Amino acid sequence: MEFIAKANFTRVSPQKARLVLDLIKGQRVEKALNTLAFTKKGIAPTIHKLLHSAVENANYLSQEKGFDLDLDRLIVLRAIANEGPRLKRIRPAPMGRAFRYQRRISHIEIVLAEKSAAAVAGNGDEAAAAPAKKAAAKKAPAKKVAAKKTAVKKTAKK
């Protein structure tokens, strides 16, 4: 089951929000909250608050629907920052002119899901899964192939 929290009309550009959201994608919720607490970007506290809201949504829905949910097994499944409407503004310019600029707004969405017990045994991190992927990726060494020599044609001068 997925648990969603959204923050619409956040006054930050989606590009800046994605920088922080990419730090927490695929991580366990506890680790993601710690990462956000020590991130120095201006949007990090807002995303921390949103992630905490998603955890509370998961807790509330599990109690309402009556199914067993382990909050320690929640991971950040998706973290998206979409573009919202732009605010058009005018900046004064020399000689009585005006320059237009746009203030960007983003819609941020965080989706949590419960990870299976087997994946949590390995702490649910990508680092724990890396040795398993490495062992599966080993193959027999490739044979060396001799390079083909191309014949160079010489043209006769008249």
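The values are calculated or read from the model by the stated rules, or taken from the named source; none is laboratory data. All figures in this text were calculated on a predicted structure; none of them were measured in a lab. Heads up, the Cβs are rebuilt from the backbone with ideal geometry, glycines too, and the neighbour counts pull from every protein chain shown.
Taken as a whole, the range 3-17 holds at least one residue that is crowded, with 17+ Cβ neighbours inside 10 Å and among the aromatic types (Phe, Trp, Tyr). For the range 61-82, a tally of residues being among the hydroxyl-bearing types (Ser, Thr, Tyr) and more than 27 Å from the chain's Cα centre (by Cα) returns 0.
Where residues in the range 52-75 are crowded, with 17+ Cβ neighbours inside 10 Å and free of Cβ contacts under 8 Å to residues at least 60 places away in the same chain, which of them is farthest from Ser116 (Cα to Cα)? If we take residues in the range 52-75 being crowded, with 17+ Cβ neighbours inside 10 Å and free of Cβ contacts under 8 Å to residues at least 60 places away in the same chain, then Ala54 is farthest from Ser116 (Cα to Cα).
Scanning the range 101-109 for residues that are modelled with pLDDT of 85 or more, under 30 Å from Leu51 (Cα atoms) and part of a loop (DSSP other than H, G, I, E, B) turns up at least one hit.
What residue, among those in the range 1-18 that are of a type in the set (A, V, I, L, M, F, W, C) and not in a helix (DSSP H, G or I), is modelled with the lowest pLDDT?
Out of the qualifying residues, it is Met1.
For residues in the range 83-100 being more than 28 Å from the chain's Cα centre (by Cα) and part of a strand (DSSP E or B), which is nearest to Pro14 (Cα to Cα)? Spell out how you get there, then give the answer.
Step one: list which residues in the range 83-100 are more than 28 Å from the chain's Cα centre (by Cα), which gives 88-100.
Keeping just the survivors that are part of a strand (DSSP E or B) gives 88-92, 98-100.
Values: Lys88: 16, Arg89: 18, Ile90: 21, Arg91: 22, Pro92: 26, Ala98: 26, Phe99: 23, Arg100: 20 Å.
That would be Lys88.
State all residues of the range 82-116 that are polar (S, T, N, Q), surrounded by 11 or more Cβ atoms within 10 Å (Cβ to Cβ) and under 25 Å from Gly26 (Cβ atoms); if no residue qualifies, say none. Those that are polar (S, T, N, Q), surrounded by 11 or more Cβ atoms within 10 Å (Cβ to Cβ) and under 25 Å from Gly26 (Cβ atoms): Asn82, Ser106.
Among residues of the range 90-118 that are polar (S, T, N, Q), those with a Cβ under 8 angstrom from a residue that is part of a strand (DSSP E or B), sequence gap 6+ or separate chain, pair up as Gln102/Leu87; Gln102/Lys88; Gln102/Arg89; Ser106/Thr10; Ser106/Ala81; Ser106/Asn82; Ser106/Glu83. Scanning the range 19-48 for residues that are in a helix (DSSP H, G or I), farther than 14 Å from Ile105 by Cβ and touching a residue at least 40 places away in the same chain (Cβ under 8 Å) returns Leu21, Asp22, Ile24, Val29, Glu30, Lys31, Ala32, Ile47.
Against the conditions (1) buried (at least 16 other Cβ atoms within 10 Å of the Cβ); (2) assigned to a helix (DSSP H, G or I); (3) in contact with a helix residue (DSSP H, G or I) (Cβ under 8 Å, 6 or more places away or on another chain); (4) not basic (Lys, Arg), Ala79 satisfies every one except (2).
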